[in-house]
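Accompanying notes for the structure given below.
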Amino acid sequence: MRWLSFLIACLLFKSTWAQTDSLVLDLQAYLSVIKKYHPLILQGDLLVQQGEAGLTEARGNFDPTIGASYDRKYYLGKDYFSIYNSELKIPAWYGVTFKTGYDNISGIYTNPERNVPQNGLAYAGVQADLLSNLYINKKMAMLQKAKIYLSISETDRALLVNNLIFDALEAYLIWSRDFQVYQARQRAFLLAAERFNGVKSAAIIGELPKIDTLDAYNQMLQRQIDLNDASTAFINATLLLNQFLWKENWESYSIDTTVKPGTVDWSGYLDAQPRMVADSAWLQSHPLIRQYQLKLNILDIDRKMAIQQLMPNLTASYNFLSRPIGDETVSAFSFNNYKLGLGFSMPLSFTTGRGAFRQVKLQIKAAELNLLQKQRETYLKFAASVQDHYNFLRQVGLQRSIAQNAFRLLEAENERFFLGESNLFTVNARENTWVNAEIKLIETNVKAVVTYYKARLIQNNMSN
């Protein structure tokens, strides 16, 4: 074998030239290109970026804000009022907002309670919710949910990538299987063609009856039909494989039937027991199960918000007021100069709060049941896949013995045929049995590997 580079997606496909000048697509190189360039991988990255954008948006609710307003009325030579307000607000956790500002109000028609010194009045203070919305409020809930949604987007990406890698791997294994079946059918056809020519020559010189020529010819035609079917299956498998091949800039890449699959080392899957333990420890970190747990966390936030609706509203604000601007103590604040505010309200029956709380509790109960069901369902699917794999491991061993025995019987029948103790019909039957056994072995090998990776897919363990 002589090695060359197979340029696909920036020289990432390592391939080989066989003696027949056929390019070989290696499994690991194939998977590495998919992980780097497939659009679904990029789509998964976008899901995470959307989650990050949502988290940034939720954090914006705690951004400081600054604002100012100016309102003046001057009519018929009279300064009715001139009102200027500016304020800086800094939202904090637990329903607390810090603020500072400056007011300047003048004119002949102003509300007396809003009178301030001639140069205006500065203030600094705090506003807080003391009962409802203290432990959790809408802004806090939005931020907590945004963090959870980011985690959900990460699990979505993990599931998406996991399923993509499995589908791509399965397509490659089917492609490899159909290529091997095609090779087996091709060998069988060449054997039938060689036998037909030999029987024809022997019939011409009278060593075999001419009827054997027709039998050999029909056998060759049947092998040609089987070869055509195998060729079509390989072409279709190649087309299926092409949907996973991409290059940079989302450009699709297609291969044709001149590209052959690399040699798959079945020993790692078939000769040794797989390191898969059918326990439930991995369930806790499984992305799908994690999604159900995260959705429960979101409902728990809703539950806390519903509890707040069962509490009265009590708000308090306290602002330190500055001394008149222009005095020696221009920036001095004193407890003797302040503005205090209290507000209280509550519904008489809390009907809305009780209804919301009950609804959330029912949603949590349903989500918990869904979580238990999904854990059980996922575990049983994994256990069934492990059993399928173990079964196919046993089947591979049995099928290998069948193929070996069929080949020995064929050799023995050929010896009997050349000694004149058998006939062409029996030889053809033996050969068909051997060819079918070889093809069955190829298919069973692939099924064993597919079930191995199916169990790993359920475990979310397709990364290596």
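Less than 5 angstrom separates the built amide H of residue 260 from those of 23, 24, 25, all sequence-distant by 5 or more or on a different chain. In plain terms, if you count all Cα to Cα distances in region 147-195 and split them into 5 Å steps from zero, the share in each step is 5, 18, 11, 12, 9, 9, 9, 6, 7, 5, 4, 3, 2, 1, 0 percent. Taking every protein chain into account, the 1.4 Å probe leaves residue 338 with about 120 Å² of accessible area, to the nearest ten. In terms of overall dimensions, region 112-156 has a Cα radius of gyration and Dmax of 20.3, 62 angstrom. Helix 351-418 and the longest principal axis of the Cα set of the chain meet at an angle near 20°. Computed on protein heavy atoms with a 1.4 Å probe, the accessible areas place 311, 140, 220, 346 in the order 346, 311, 220, 140, largest first.
Our summary gives region 311-464 a relative contact order of 21 percent, counting only alpha carbon pairs under 8 angstrom and 6 or more residues apart. Heavy-atom accessible surface of residue 57, to the nearest 10 Å², is about 140 Å², with a 1.4 Å probe and all protein chains retained.
The C-alpha radius of gyration of region 357-464, expressed as a fraction of 2.2 N^0.38 Å, stands at 1.92. Under 5 Å between amide hydrogens, built in the peptide plane, is the criterion, and for residue 245 it picks out 253 among residues at least 5 positions away or on other chains.
With all projection directions averaged, the alpha carbon convex hull of region 380-429 covers 4.1 nm².
Helix 39-59 axis versus longest C-alpha principal axis of the chain: approximately 10°, rounded to the nearest ten. When the solvent-accessible area of region 339-420 is split by element, carbon and sulfur atoms take up 58 percent of it, the probe being 1.4 Å. The angle between the Cα long axis of helix 27-37 and the longest principal axis of the Cα atoms of the chain comes to about 30 degrees, rounded to the nearest 10. A convex hull fitted around the alpha carbon atoms of the chain yields 264 Å³ per residue. Against the criterion of solvent-accessible heavy-atom surface with a 1.4 angstrom probe, 248, 113, 415 sort, most first, into 113, 415, 248.
Per residue, the chain exposes 58 Å² of solvent-accessible protein surface, assessed with a 1.4 angstrom probe and all protein chains in place. Based on Cα atoms of region 168-235, Rg over Rh with Rh as the Kirkwood radius reads 1.21. Close amide H partners of residue 38, meaning residues 5 or more places away or on another chain with modelled amide H under 5 Å apart, do not exist here. Computed on the chain, with alpha-carbon pairs under 8 angstrom and 6+ residues apart, the relative contact order is 18 percent. Partner lysines whose Cα lies under 25 Å from the Cα of residue 89, excluding those fewer than 8 positions away in the same chain, are identified as 99, 138, 139, 145, 147, 339. The orientation-averaged projected area of the convex hull spanned by the Cα atoms of region 56-176 comes to 13.7 nm².
Surface listing: 452, 292 arranged by accessible area from highest to lowest gives 292, 452, probe 1.4 Å.
The values are calculated or read from the model by the stated rules, or taken from the named source; none is laboratory data. None of the values given here were measured: they were computed from a predicted structure. Accessible surface areas use protein heavy atoms only, side chains included; no ligands, DNA or RNA. Shrake-Rupley method; radii C 1.70, N 1.55, O 1.52, S 1.80 Å.
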